[in-house]
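Chemist: To start, I am sharing the structure in question, which I have written as structure tokens.
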Amino acid sequence: MPETRTLLRWAALVAVSAALAYGLSRAHFPAAFLLGPMLAAIAFGVRGAGLSLGRPLFLAAQAVIGCLVARSATTEIAATLREDGLIILAVVGVTVAAGALTGLALTRLRVLPGTTAAWGSSPGGAAAMVAMAEDYGADPRLVAFMQYVRVAAVVLSASLAARLLADVAGPSGASAPGETWSWSGLAATIAVAAAGFGLASLLRLPSAPLIGPMLLGAGLHAAGLIDIALPAPVLDAAYAAIGWYVGLRFNRRTLDETLHALPGVLTATIGIILLCGVWAWVLTHWLPIDFLTAFLATSPGGLDSVAIIAVGSRVDVSFVLAVQTLRLFVVLATGPILAKWIARAVPGERP
């Protein structure tokens, strides 16, 4: 029966994900419970497993990560923006410009249509870029392909950098051994996640399930009004859900349809990551931060994945999240403008 086959495939995916996550955790990779499920899901998706994670689960996982960020960053993000605002704006500007130039290059080389290349090259907000792309004449399948190739590459490179450049502050899972939590604290955290998501949606903020709980939770946590409680199983499940959601978007059909674009997309993705790495090295000479902090801050998305890696590593989390959050807003605000500019800049393309 189809239902039985689906259940068996999910069981196999869970088993492979757990094995990979355990192996990566033993190797002291940060975000092992994100990276392992993502790699397993990519393999299953490309082999035609026909699995997909429901969007509500993905949104719930983002809300959990928002609460995790709120617990770690509190009001330090705002202080970081005040103290290093000009540098952060420069970091954001370089990354956004790199994405725009990449989209322009892919279009001029006829690798992808103009608007599709523009949205696919936007460095951040992958889910939002895919959702908005079709309204501006882009092919959402190609945009999703470009965005999630970039997200996968960023997670892999950032995890490897964190593994090589710094000791992990704790286990690659969610919580340190012996961390205490209460059912009342967990209930309050769930309420904050739901309320933050709802308020951010009403205000039409980008990445509402992540940004809303993060901002509301940080304010309440900093004021001492709540203690954010996130048991290890809850965080590990959120990590896995995000990994599966990203990984299962890779399928054979998408790869077959975009095979001719793959070399250009991979070259562009690696080029952006290397450019951000060079920019990170420059930042270490301007600011009193280590290279890993600068590398995670300049990594071209996504916010939830980078947040998981940053929290699990010994870096300046507030600086990383300040840069990533500001860039997300800038990318979503400038995306339509850049898409139209790239389309007009290339002969034969329609805005």
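Chemist: Can you tell me which residue among Gly93, Gly85, Gly103 is over 30 Å from Val234 (Cα atoms) and at pLDDT 85 or above?
Modeler: Gly93
Chemist: Ok, one more. Checking Leu266 against (1) modelled with pLDDT of 85 or more; (2) under 30 Å from Tyr22 (Cβ atoms), only one condition comes out false. Which one?
Modeler: Condition (1) is where Leu266 drops out.
Chemist: Look through Ser175, Ser207, Ser121, Ser157 and report the one residue that is open to solvent by 10 Å² or more (accessible area, probe 1.4 Å) and either in contact with an Asp or Glu (Cβ under 7 Å, 6 or more places away or on another chain) or at pLDDT 75 or above (or both).
Modeler: Result: Ser157 is the single residue among Ser175, Ser207, Ser121, Ser157 that is open to solvent by 10 Å² or more (accessible area, probe 1.4 Å) and either in contact with an Asp or Glu (Cβ under 7 Å, 6 or more places away or on another chain) or at pLDDT 75 or above (or both).
Chemist: Filter region 59-69 for residues that are open to solvent by 10 Å² or more (accessible area, probe 1.4 Å) and either more than 19 Å from Leu199 (Cβ to Cβ) or in contact with an Asp or Glu (Cβ under 9 Å, 6 or more places away or on another chain) (or both) and give the result.
Modeler: The one that is open to solvent by 10 Å² or more (accessible area, probe 1.4 Å) and either more than 19 Å from Leu199 (Cβ to Cβ) or in contact with an Asp or Glu (Cβ under 9 Å, 6 or more places away or on another chain) (or both): Gln62.
Chemist: Right, next: Considering only residues that are modelled with pLDDT of 75 or more and not in a helix (DSSP H, G or I), look in region 313-351 and name the one that is most open to solvent (accessible area, probe 1.4 Å).
Modeler: Of everything passing the filter in region 313-351, Arg314 is most open to solvent (accessible area, probe 1.4 Å).
Chemist: Taking region 11-40, which residues are open to solvent by less than 60 Å² (accessible area, probe 1.4 Å), under 17 Å from Ala153 (Cβ atoms), hydrophobic (A, V, I, L, M, F, W, C) and within 16 Å of the chain's Cα centre (by Cα)?
Modeler: Ala31, Leu34, Leu35, Met38
Yes/no matrix, rows are residues, columns are (1) more than 22 Å from the chain's Cα centre (by Cα); (2) open to solvent by less than 80 Å² (accessible area, probe 1.4 Å); (3) more than 19 Å from Gln147 (Cβ to Cβ):
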residue: Ser182; (1), (2), (3): yes, yes, yes
residue: Gly196; (1), (2), (3): no, yes, yes
residue: Leu199; (1), (2), (3): no, no, yes
residue: Leu216; (1), (2), (3): no, yes, yes
residue: Ile226; (1), (2), (3): yes, yes, yes
residue: Ala229; (1), (2), (3): yes, yes, yes
residue: Val265; (1), (2), (3): no, yes, no
residue: Thr269; (1), (2), (3): no, yes, no
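Chemist: Kindly provide the set of residues from region 287-312 that are at pLDDT below 80 and part of a loop (DSSP other than H, G, I, E, B), ordered by number.
Modeler: The answer is Gly301, Gly302, Gly312.
Chemist: Among the residues that make up region 242-253, is at least one of them touching a residue at least 12 places away in the same chain (Cβ under 8 Å), surrounded by fewer than 19 Cβ atoms within 10 Å (Cβ to Cβ) and in contact with a Gly (Cβ under 9 Å, 6 or more places away or on another chain)? Spell out the reasoning first.
Modeler: Residues of region 242-253 that are touching a residue at least 12 places away in the same chain (Cβ under 8 Å), as a first pass: 242-252.
Those left that are additionally surrounded by fewer than 19 Cβ atoms within 10 Å (Cβ to Cβ): 252.
Still in the list and also in contact with a Gly (Cβ under 9 Å, 6 or more places away or on another chain): 252.
Among the residues of region 242-253, at least one is touching a residue at least 12 places away in the same chain (Cβ under 8 Å), surrounded by fewer than 19 Cβ atoms within 10 Å (Cβ to Cβ) and in contact with a Gly (Cβ under 9 Å, 6 or more places away or on another chain), which makes the answer yes.
Chemist: When you look at Ser52, is it open to solvent by 10 Å² or more (accessible area, probe 1.4 Å), touching a Pro at 6+ places or on another chain (Cβ under 8 Å), of a type in the set (Gly, Ala, Ser) and modelled with pLDDT under 90, yes or no? Explain how you work it out, then say what you get.
Modeler: Values: open to solvent by 10 Å² or more (accessible area, probe 1.4 Å): yes; touching a Pro at 6+ places or on another chain (Cβ under 8 Å): no; of a type in the set (Gly, Ala, Ser): yes; modelled with pLDDT under 90: yes.
Criteria not met by Ser52.
The values are calculated or read from the model by the stated rules, or taken from the named source; none is laboratory data. Just so you know, these numbers come straight off a predicted model, no measurement behind them. Glycine also receives a Cβ, built like all others from the backbone with ideal geometry; neighbour counts cover every protein chain displayed. Ligands, DNA and RNA are stripped out before the accessible areas are found, and what is left, the full protein with its side chains, is counted by its heavy atoms. Shrake-Rupley method; radii C 1.70, N 1.55, O 1.52, S 1.80 Å.
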